[in-house]
Structure formats: C-alpha cells, structure tokens
1. Sort out which residues of segment B:61-82 are part of a loop (DSSP other than H, G, I, E, B) and more than 7 Å from chain A (Cβ to nearest Cβ), and write them in order of number.
2. Report those helices (runs of 4 or more DSSP H) wholly inside segment A:3-93 carrying at least 2 residues which are facing chain B (nearest Cβ under 10 Å) and out of contact with any helix residue (DSSP H, G or I) (no Cβ under 6 Å at 6 or more places or on another chain).
3. State whether one or more residues within segment C:52-63 are under 27 Å from the mean Cα position of the chain (by Cα) and within 22 Å of A:Thr99 (Cβ to Cβ).
4. Within segment A:67-84, which residues are of a type in the set (A, V, I, L, M) and in contact (Cβ under 8 Å) with a residue 12 or more places away in the chain?
5. I'd like the full set of residues that are among the polar types (S, T, N, Q), assigned to a helix (DSSP H, G or I) and surrounded by fewer than 17 Cβ atoms within 10 Å (Cβ to Cβ), limited to segment C:10-53.
6. Here are some residues: C:Leu137, C:Leu153, C:Leu165. Which one is within 14 Å of another protein chain (Cβ to nearest Cβ), under 22 Å from C:Phe19 (Cα atoms) and at pLDDT 80 or above?
7. Name the single residue that is modelled with the highest pLDDT among those in segment B:56-111 being among the hydroxyl-bearing types (Ser, Thr, Tyr) and loosely packed, with under 15 Cβ neighbours inside 10 Å.
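The values are calculated or read from the model by the stated rules, or taken from the named source; none is laboratory data. No experiment lies behind these values; they were computed from the predicted model shown. In this analysis, Cβ positions are derived from the backbone assuming ideal geometry, glycine residues included, and neighbour counts consider all displayed protein chains.
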Amino acid sequence: MDEKERKQAIYPLSTESLQQNGKTVYYIRSVTSTIFGVSAGILGLESYYGFLFYFGGTAFVSLLMFLLLARGQPTEYFTSAKDIWTGNTLAGLSSFVLTWTLFYGLVDA
Amino acid sequence: MSFVSTTVTVLSLLLLFHAGYSAYEFSHYLKHLTVNSDATVPLDIIAETIVATALFAFGQVLGAKQLEPVSFAKWAKGLEREGKSPFAFLERRPGYMNVTKLRDEYASAKK
Amino acid sequence: MVTAPDLVLDPSLRDWVLFPILLVMILVGILRHYITLLLQSPPKQQDVLAIREQQSLARGASLRSNGKVIPPSSFQSRKAYLIQSFKDGIFLKDQEAFKNKDEPKAPANPLAEPGGMDQMINMLKGNMVMIVPQTLLMSWINFFFSGFILMKLPFPLTIRFKSILQSGVATRDLDVRWVSSMSWYFLNLFGLRSVYDILLGSNNSAGGGMDMAGMNPGMMAGGFQPGQDIYKLYLSEAENIELTTHEYLLEDIEDRILEKYQL
C-alpha cells in the first residue's frame with residue numbers, strides 16, 4: 001500500500017454522501033439547463049451563440065454552487081475540487097436543445 | 001426549499017414569462033410593420049431575460065439540498081447527532097443469542 | 001449568410017401539432033414510470049443454500065477489500081478458511097453434482113434456474129415498457145403528422161440530416177433547419193429527461209432505460225450470471241485471496257492518536 005492508499009484507508013470517504021452530492025449537482029444542472037434553453041429561445045440565439053450561452057450559463061451555475069453550496073471548499077464535498085466545475089456539464093444539453101428549439105419557435109410566431 | 005429560494009424562483013419565472021411574452025409581441029409587431037424586419041430583440045427584453053435566468057439559477061442553487069461532507073468521519077458524526085448512526089445495528093445487538101438453536105435450524109435446512 | 005426562403009408557419013401547427021406531441025410525450029413518460037413501478041416484482045425468496053452459494057463470492061471480495069481493519073491473526077485464519085472452502089466447494093448448493101463433476105454434463109440452461117427465469121422476465125418487461133410506447137408514438141406521429149414542416153431549428157445542420165429530418169417533405173432545396181414532426185419527436189425523446197426529473201424525482205424510470213443509470217442496478221445486483229460455472233469463480237476468488245497482502249490499519253494507532261491530539 002502506498003502513502004495515498006493508506007491515507008484513504010485511514011480516512012475513508014462516504015460513498016453515500018458522494019452519491020447524494022452527485023445527485024444534487026445533477027438535479028441543479030438539469031433544471032437550470034431547461035431554463036437556459038427557454039432564455040436562449042426568447043433571446044432568439046442561433047447556432048454557436050446558443051451553445052455558448054449554454055456553456056456560459058453552466059459555468060455561472062458552477063460558480064454559484066462553488067460559492068453557495070460548497071462554500072468555497074469543494075474538496076469537503078467532492079472527491080476532487082474540479083468535480084464541481086466539470087461534473088455533469090453535458091447532462092442537460094439535450095434538454096437545453098429541446099426548450100431552446102421550442103421557445104425559439106414559439107417566440108418567433 | 002427555503003422561503004427565499006422559492007420566492008426568487010417564482011419571481012424569476014414571472015420575469016422570464018414576461019420577457020418571453022414581450023419578445024412574442026415584438027415579433028408580431030415587426031411582422032405587421034414590415035419596415036426593418038431584421039431588427040433583433042430590444043435591449044430591455046434581453047436584459048430582462050438574462051436577469052431572470054441568473055435569478056432562477058441563484059434560486060435553484062440556494063434551495064438545493066445541502067451537500068453532505070464526503071469524509072466518512074464527518075458524515076457519520078452528523079448522522080449520529082441526528083440519532084441515525086450508520087452503525088446503529090452494531091450498537092443494538094442482542095445480548096444473548098441461542099447459537100445452538102440456530103445451528104440446528106441451519107443443519108435441518110441443509111438436509 | 002445565406003438566408004433561407006422565409007416560410008411563415010401557420011399558428012395552428014403550433015397549437016395542434018407541437019403542443020399535442022409535447023404533452024403526449026410527457027404523459028407517456030409519466031405513465032411509463034408508473035407502469036414500471038407496478039411491474040416491479042419483489043425478488044423471489046431463495047433458499048438458504050442458494051443464497052450462500054452466491055454470497056460467498058461476495059464474502060471473499062469483502063475480505064480482500066476490508067481485511068485491513070482486522071488484526072493479522074484474524075485475517076490469516078479467515079484467509080485459510082475461505083481458500084480451503086472455495087477449493088473444496090463446500091459452499092456449493094448441489095454437493096452431489098460437485099462430487100460427480102468429472103462426468104460430462106450438459107451445459108446449464110439459464111432458463112432452467114428459477115433465478116435466471118426471473119431475470120429474463122424482468123428484462124423482457126423492461127424492454128416491453130420501453131419499446132411498445134415508443135413504436136406506438138412513432139407510428140402515431142407518422143400517421144397523423146407527416147408530410148409537412150413543423151418548426152425551425154435554431155442551429156444549422158449538415159445536409160446529411162435532410163433525409164431524416166425532412167422525411168415526407170418533397171422539397172429539394174429547403175434549408176435543413178426546417179424540420180418535420182418526426183424531429184420534434186426525437187428532440188422530445190432525448191430532451192424530456194430533465195422534465196421527468198423535475199416531475200417525478202431523480203430516480204424515475206420515465207426515460208425507459210435510455211439512461212445508463214437505469215441499466216446499472218440489474219447488472220450490479222449480483223455480479224453473477226446464471227448458467228456460469230460457479231466453481232470456476234470460486235477457484236479464481238481463492239487465488240485472488242491468496243495473492244492479497246495484508247496490512248493492518250491499526251498498526252500505529254497509538255502514534256496517530258498522539259499526533260492528532262498534539263500530546
């Protein structure tokens with residue numbers, strides 16, 4: 001056992017809270033990406049600008065989660081600090097495209 | 001969901017609805033006017049939409065379930081304080097167990 | 001930028017095609033979720049020996065991964081016991097068959113075992129619940145709503161998608177961004193996940209197994225497929241235990257405590 005494994009064995013991680021936190025992040029991502037789609041549709045964004053809007057919004061949500069949920073200490077709640085920035089970023093993309101298309105069509109009546 | 005996050009979310013949805021309706025009316029107006037039909041959405045609608053979106057994200061993150069500490073020690077400590085220790089089954093073991101009887105049962109099941 | 005021929009869509013397309021498809025797909029998803037819940041049969045109770053046969057493998061794996069919390073002497077005795085038992089096959093359900101194992105036997109039929117049958121039926125149910133509504137919806141849309149343009153996508157696609165997205169619309173030069181109801185169906189199929197998450201909670205089965213999360217539990221449950229020769233698994237598990245090096249975690253616990261409390 002090397003030093004890292006040993007440390008992990010002495011201070012184990014709780015898989016249940018990891019799962020719970022992953023679920024929380026996933027839920028926030030999917031709900032917000034739906035609303036991002038609505039906004040992108042209302043703004044009438046097209047092609048690349050829409051996807052840029054999605055990634056910008058996702059980054060904004062990551063920042064909010066970093067500040068409000070993890071209180072600036074993501075390692076307390078995730079295995080690595082980058083999980084809160086990159087985790088599940090593509091989970092809401094299909095929902096985003098759906099509501100984007102829907103509202104793009106609705107607004108441009 | 002706390003009161004603040006619910007209020008913020010509802011407010012943002014109202015704003016978003018208003019922005020969407022304005023954009024809809026605007027596109028109607030353009031079609032009837034037929035002057036410069038390639039005008040984009042006016043600035044106030046853009047601002048309203050973006051503010052509503054940001055508010056919605058804020059409300060959702062604020063109202064999300066509290067994250068749980070990933071360190072097993074801290075997590076178990078929190079649970080134990082609520083009286084839901086993950087090791088409760090070890091702490092409330094029966095003091096006496098009739099092993100002979102259980103063995104007999106096992107042996108008869110094996111046959 | 002090349003501007004597409006500007007089409008103006010009838011608003012009644014929106015009211016009588018776009019919204020109905022969306023609504024029906026959401027409702028079908030919710031229905032599918034509850035049907036899946038209803039169809040879930042509780043796991044059948046197996047007898048003691050069958051459970052032991054399956055779980056002893058887990059016992060070996062558990063010793064390998066958690067052995068570090070027991071002292072070396074305990075680990076050694078468990079190791080010796082498990083290896084011997086695995087090799088002698090004493091956890092096997094069918095001792096008679098094990099003793100006569102040199103005789104050639106027919107390959108086990110997974111359907112013959114009660115557990116295997118159950119698993120097959122469950123998989124079949126899951127597939128039915130997913131495939132039947134999908135086929136019905138697709139033919140419904142094809143029957144009622146084909147042959148016209150329904151909406152405009154906000155992003156351009158390559159010309160290759162034209163035949164799929166504009167199926168039934170006989171216009172050669174129309175921009176690919178104008179699509180028919182079938183594309184709206186596909187967008188819904190993939191994009192409604194979030195809506196279900198909001199409506200039904202995150203552990204729903206409305207997506208109908210489109211997601212990986214829905215498929216995993218069945219695979220992870222046993223790690224044991226019926227029809228496999230379990231004795232071979234025992235032998236490899238015995239070998240794995242043999243190779244495990246044991247390191248006792250509480251070895252230097254005194255030093256660690258003193259260090260932790262700065263004594």
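1. Selection gives B:Gln66, B:Glu82.
2. On the way: elements: A:3-10, A:15-43, A:47-64, A:83-86.
Fully inside segment A:3-93 and qualifying: A:15-43, A:47-64.
3. Looking through segment C:52-63, none of the residues is under 27 Å from the mean Cα position of the chain (by Cα) and within 22 Å of A:Thr99 (Cβ to Cβ).
4. A:Leu69, A:Ala70, A:Ile84
5. Scanning segment C:10-53 gives a single hit, C:Ser12.
6. On the way: C:Leu137 fails: within 14 Å of another protein chain (Cβ to nearest Cβ); C:Leu165 fails: at pLDDT 80 or above.
From the options C:Leu137, C:Leu153, C:Leu165, the qualifying one is C:Leu153.
7. By that ranking, first place goes to B:Thr100.
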